[in-house]
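FYI, it's all coordinate maths here, none of it is from the lab. What you see is a predicted model, and the numbers here were worked out from it, not measured in a lab. Virtual Cβ from ideal backbone geometry, glycine too; neighbours counted across all protein chains shown.
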């Protein structure tokens, strides 16, 4: 009795994903011995001769000369005698003879894949079983290929199946049958494609954290895997020129949205603010390179492990510092008096599923950098979840709106009612900047701010914005 | 032609490429060591060289068949390795690089351990305490520092120059021509010299550091690399197994006796690729390779033995022996199982570590999330442990040696796959 054995294209280098079949040195019907050279392949690194792992009769060449084959795909089928190495080594764990477990649907796909991958048909051979239409699979399990690249995969270890994600993209490097050898009666399943996303566990975790549906991310990795950058990019798609899709025009000529709830509250607040307080806005461009470096260092520090650190945090600290030096911006105007607050309830404009809200961090000026970072994170999480309580939105004294995350440079924000200043943090990105009379690429941003002119005049406003800008330019000022 | 290739440099050689044996008077002190060899030793040298080459070819094929992640062939260097390996005494310690399969075979290392390492299922898997053959050093040149450190320890322990063969120890480290250009090796030479350690630096100059020729590693011959540090050197024909044996045995004796460190440059050639990921045709000529093939270490010993009257039956037997070894390792390699993933974490520290435990817990949970597939490694766990315990070749089950010299490192190596 005989068995059918497949030789899957190995990774002959370290981390190669494919190779081209240059020359076949055998043909169907040939007798082949262990380590006999069967073909020459060309990888990204070199020309390599492949020795056959089995002795037997060639049943089928599964790729043509000139074809580029993915590592792990079967390239040749050999009819071997029972008991060949790999088939019945005494004491060998059964896992070496594993086949894939396949559902009916997968089996059909596999059959197609096998047919597609079988351009060279076997001649009418006496006892060669048909290989182009594998159907079933055994119950045997595949070994995990958890860490490292190469060996397990190259030796034909099955790709492990994660939770099946509906609508997931097919893995480009399809899972492979895990032979070297399986019984012909078992009808081996090869070249199985799975509804599976390839990504490293930390990348998956990041996607979850950033609320990115990883099945919708376009993978750019060499092996078709979703990379960390892919996930980050997907998360940042709100910024300019990314994922530009034009929605279909609605069929109705008009869409009527009732003004109620948060929308109504926003509308009222804005009108009240805009018509009661004479707004004056000023802007300053600033080199935020050092701030970005500072953010990077904080992220890397053990104290801030697990805490979200963003330029917004430095900006908040900068405003706190500038408020101390220019207290008039942290005030409330009433017809009778101007109340200058000697504390800061720091408002942060937050886009939530329910609309724009401005919760504030009470007594933010008393907080350390770490406390403030945690408070900002907490505030954002609560707002995103729609759990912000009314008290958290009252008694603010000054506000920041981080419109930079939407990819715009700056804006003229409207004051949160009852406050005298609001600062807009624009996007921070590399731009030409003059340093020592030379143009350099620096991380540049624009700080925009609006003030209630009833309280704050141009000089105070300018000094305040200038102070904020100074810190962004040189965060070491916070040590003052 | 650079100086190091020049034929004018004195080089210890007892067997010419044509298999002619002679002991030139200038090498008489080394020639004395050949008198220790019996006929059985000569045959053993041949058999081991032939076996390790057959092993090497099979391992290369196994890599090409997807069974190993990588293979590092030593073909062409068997003379330097097997000869010097047998020149190392029964108390001595060996700090190899990563190509010393021919030294490993002379000290009872289970060759499967090396294959497991290059398949990625363990980190070495033999016990350096038991075998005195330390783990392969992938970090180029680092083993020279390990060796010097160990040799300093031997000296501090007073296990040198006592005259008692059961007490005196020496240390040998294997480095390549490329590694000599690493700072580590210079540091190791300096510390060896100023501490007068019992130690030999064995440089296999196989002419190529991957694709960089020796001329880009040094402008003076490598046997003189130790001069400025105070470590005297000698050049040998690395493809002459007898010269390799005799000079190593003599210098290890000297080291054991307290006469200080020394250095051997074995001139040899890497006939194969640097590793299976390398294509040497891209940087060296076939003529050069053919020139060196004519100086093959196995061929010349075979000629010598045949001249001595050794019959065809012996060589046939060696060939069959090699084929049997190849068949064995092929079957065993195909049967290798993956270690349980817990091993990755188990032997990082000798004591529990919260971060590692956290990572293990995370991975365990992640693994468990694949509900539709049972984890096969758990089923294999017992098989693997039993296999390790049943193995008498110096491989040990983890943990037992954690308190001894090398503690965590030895544990880690065992934990990698056993």
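Points to keep in mind about this one:
- Take each residue of peptide A:37-43, count the partner chain Cβ atoms within 10 Å of its Cβ, and average: the result is 1.
- Measuring how big the range A:349-480 is from its alpha-carbon positions, Rg and Dmax come out at 16.2, 51 Å.
- Estimated translational D of the range B:169-273 in µm²/s (Stokes, Kirkwood radius over Cα pairs; 4 °C; 1.567 mPa s): 95 µm²/s
- For chain B, the relative contact order comes to 23 percent (Cα pairs under 8 Å, sequence separation of at least 6).
- Per residue, the Cα convex hull of the range B:1-97 amounts to 181 Å³.
- The Cα-based radius of gyration and maximum Cα-Cα distance (Dmax) for the range B:290-352 are 21.5, 62 Å.
- In angstrom, the C-alpha Rg and Dmax of the range B:225-347 are 20.8, 57.
- 18 Å cut-off, amide nitrogen to a point 7 angstrom out along residue A:45 Cα→Cβ, residues in the range B:111-137: B:115-121
- Among A:260-270, B:200-210, the peptide with the highest mean count of other Cβ atoms within 10 Å heads the list, and the full ranking is B:200-210, A:260-270.
- Cα-based helix-to-principal-axis angle, B:78-87 vs chain B, degrees rounded to 10: 90 degrees
- Take each residue in B:329-336, count the other chain C-beta atoms within 10 Å of its C-beta, and the mean is 6.
- Ordering B:150, B:366 from the fewest to the most neighbouring beta carbons within 10 Å gives B:366, B:150.
- When both bridge partners sit in chain B, DSSP labels roughly 10% of those beta bridges antiparallel.
- Compactness of the range A:404-480 was expressed as the Cα radius of gyration divided by 2.2 N^0.38 Å, which yields 1.25.
- Ranked list, fewest to most other Cβ atoms within 10 Å of each Cβ, for A:39, B:318, A:420: B:318, A:39, A:420
- In terms of the mean number of neighbouring beta-carbon atoms within 10 Å, the peptides A:339-346, B:278-285 order highest first as A:339-346, B:278-285.
- Span from the the range B:321-341 Cα centroid across to the the range A:38-71 one, whole angstrom: 23 Å
- Helical runs (DSSP H, four residues minimum) scored at -39500 (n - 2.57) apiece and divided by the length of chain B put the mean residue ellipticity at 222 nm at -14000 deg cm²/dmol.
- Stokes-Einstein diffusion coefficient of the range B:3-333, Kirkwood radius over Cα pairs, 25 °C, 0.890 mPa s, in µm²/s: 124 µm²/s
- Exposure proxy order (Cβ contacts within 10 Å, fewest to most) of A:308, B:35, A:208: B:35, A:208, A:308
- Descending semi-axes in Å of the range B:64-141, equivalent ellipsoid built from Cα gyration tensor: 21, 15, 11
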